[in-house]
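Before any comments, here is the structure.
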Amino acid sequence: MSEQIYSDIQRKKTSIIDSLIHLGIYKKGNKQLYELTLHELETVYQIVNPAIRDLSF
């Protein structure tokens with residue numbers, strides 16, 4: 001995976017994690033947010049905030 005793609009994924013994960021923390025969510029099950037994949041984070045975010053369909057951070 002190129003460094004640019006990895007960097008973009010990390011930036012998006014950080015943005016979603018920050019949003020979830022702002023909403024009061026710190027864990028999913030037994031995992032901390034930073035342990036989740038981008039797909040898992042997007043899924044949690046869409047469940048918590050169903051009005052948001054476009055996750056273009």
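Output the number of residues of segment 1-18 satisfying the condition of being modelled with pLDDT under 95 and in a helix (DSSP H, G or I). Residues in segment 1-18 being modelled with pLDDT under 95 and in a helix (DSSP H, G or I): 7 in total. Scanning segment 1-31 for residues that are of a type outside the set (D, E, K, R), open to solvent by less than 50 Å² (accessible area, probe 1.4 Å) and closer than 21 Å to Ile47 by Cα yields Ser15, Ile16, Ile17, Ser19, Leu20, Gly24, Ile25.
The values are calculated or read from the model by the stated rules, or taken from the named source; none is laboratory data. Remember, it's a predicted structure, so these values are computed and weren't measured experimentally. The protein model used for the area step is the full one, side chains on, heavy atoms only, and it has no ligands, DNA or RNA in it. Shrake-Rupley method; radii C 1.70, N 1.55, O 1.52, S 1.80 Å.
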